[in-house]
Amino acid sequence: MNEADSVCEIWQSLGLPGIVDVHTHFMPKRVMDKVWRYFDEAGPLVSRSWPVAYRTDEEQRLKTLRGFGVRAFTSLVYPHKPEMAAWLNQWAAAFAATTPDCLHTATFYPEPGVEGYVRNAVDAGARVFKAHIQVGRYDPTDPLLDAAWGIIEDAALPVVIHCGSGPAPGEYTGPEPVATLLKRHPRLRLVIAHLGMPEYSEFFDLVDRYEDLRLDTTMAFTPFVEETMPFPRSEYGRLRDHADRILFGSDFPNIPYGFIDAMGVLTRLPGIDDEWLRKVFYHNAVCLFELTAP
């Protein structure tokens, strides 16, 4: 059985029409090439060997995702310097316009004028934003971002945010900046990437406090991550209890293992039942993004 058949077997056995992946990356080619080169060189924010599993052209990557039965996905773009986010937003809008199963994605950076291009992205139909605190090396509570956060909060748009300190800590990673941000903007629909690894417990504490906070499963529980940032056994109860607040994410195409591994590890978690899997693989995202279910 090939990988696509194995992936489809998982969601078909659950009676689902497919899956929704909230954490995938599609970028302008020259940006993606630089990202792949950074992984190849095991840069400081990666800190270990990281072979990219799905290093193919864009058309093939789309074909691969669709072959897995992914019905909706994201193009999580993110800037690492000023005067980059608005251009990425233009690219992502055009990509979504020609790729109907991709959720229109946008991003931002703390810089003068950020609220203007965030407003433009919202008005243009953005469905999800991406914030990468680690790569961007910025404080999410930077005053330059306050108006932009307010626009996103009022629009009730999800933000997939890499704010945990894995795979390597950054100056502003960890739960404290996010906790401060949520005090200012408590209605933000943040989706904490990677379950907040390695600060799993602290981010679950925030989920307990804020009803619009969610987490994605990206890379969690895989042997690659468990070697260095294992999920604490003490938190499996909260993992089960928050079945409505957890979304499947893969980090495709940049994962150093197969897509089947990202899904398979979830099916083998202790105490997890089929209803939890149905919510995480599909129903929670359908609800969050108001997708049309078949």
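Probe radius 1.4 Å, ligands and nucleic acids ignored: give me the carbon and sulfur share of the accessible area of the range 196-294 as a rounded percent. Write out the running numbers ahead of the final one.
Numbers: 1770 of 3900 Å².
Of all accessible area on the range 196-294, carbon and sulfur atoms account for 45 percent.
Could you calculate the contour length gain from ASN120 to GLU227, that is, 0.36 nm times the residue separation minus the distance between their Cα atoms, to one decimal place in nm?
The span from ASN120 to GLU227 would gain 34.3 nm if fully extended.
Local charge sum around PRO253 (other residues, Cβ-Cβ under 15 Å, Lys/Arg +1, Asp/Glu -1)?
-2
With both partners inside the chain, how many of the DSSP beta bridges are antiparallel, as a percent to the nearest 5?
Of all bridge pairs located within the chain, approximately 0 percent are antiparallel.
Classify the range 1-137 as rounded, prolate or oblate from the Cα gyration tensor: take a ≥ b ≥ c as the square roots of its eigenvalues, call it rounded if a/c is under 1.5, otherwise prolate when a/b beats b/c and oblate if not. Let's see the in-between values first.
On the way: a/c = 2.24, a/b = 1.35, b/c = 1.67.
Taking the square roots of the gyration eigenvalues as a ≥ b ≥ c, the range 1-137 is oblate.
Between ASP244 and THR180, how many nm apart are label points set 7 Å from Cα along the C-beta direction?
Between ASP244 and THR180, the label points sit 3.2 nm apart.
Ignoring ligands, DNA and RNA, what percent of the accessible area of the range 107-172 is carbon or sulfur (1.4 Å)? Spell out each step's value before the answer.
Details: 1120 of 2290 Å².
Taking all protein chains in place, the range 107-172 shows 49 percent carbon and sulfur surface.
Computed FRET efficiency, Cβ-Cβ of VAL52 and THR267, R0 22 Å: what is it to the nearest 0.05?
Numbers: r = 24 Å, r/R0 = 1.11.
My answer for the efficiency is 0.35.
Tell me which label goes with the value of Rg and Dmax of the Cα atoms in Å computed from the coordinates here: (1) 19.5, 69; (2) 20.2, 63; (3) 17.6, 53.
(3)
Any idea of the accessible area per residue across the range 142-187, 1.4 Å probe, to the nearest Å²?
39 Å²
Run the reach check for LYS63 against lysines, Cα to Cα strictly under 18 Å, same-chain hits fewer than 8 apart removed. What comes back?
Reachable lysines: LYS29.
If I model a spin label at TRP36 and GLU275 as a point 7 Å from the Cα along the Cα→Cβ vector, what separation in nanometres do I get?
Each label point lies 7 Å from its Cα, and together they span 4.4 nm.
Calculate the spin-label point distance for ARG137 paired with TRP91, positioning each point 7 Å from the Cα along the beta-carbon direction, and give it in nanometres.
Those two pseudo-labels are separated by 2.0 nm.
So what is the accessible area of the range 190-245 per residue, in Å², with the probe set to 1.4 Å? Before the final figure, lay out the partial values.
On the way: 2180 Å² over 56 residues.
Roughly 39 Å² per residue, with all protein chains present.
Summing Lys, Arg as +1 and Asp, Glu as -1, what charge do residues with Cβ under 10 Å from the Cβ of ASP212 carry, ASP212 excluded?
+2
Using Cα springs under 10 Å in a Gaussian network model of the chain, which residue among GLU199, GLU227, GLU211 shows the largest mean-square fluctuation?
GLU227
The values are calculated or read from the model by the stated rules, or taken from the named source; none is laboratory data. The model shown is predicted, which means the values in this text are computed figures rather than measured ones. Methodologically, a virtual Cβ is constructed for each residue, glycine included, from the backbone with ideal geometry; neighbour enumeration extends over all protein chains shown. Only protein heavy atoms, including side chains, enter the accessible area calculation; ligands, DNA and RNA are left aside. Shrake-Rupley method; radii C 1.70, N 1.55, O 1.52, S 1.80 Å.
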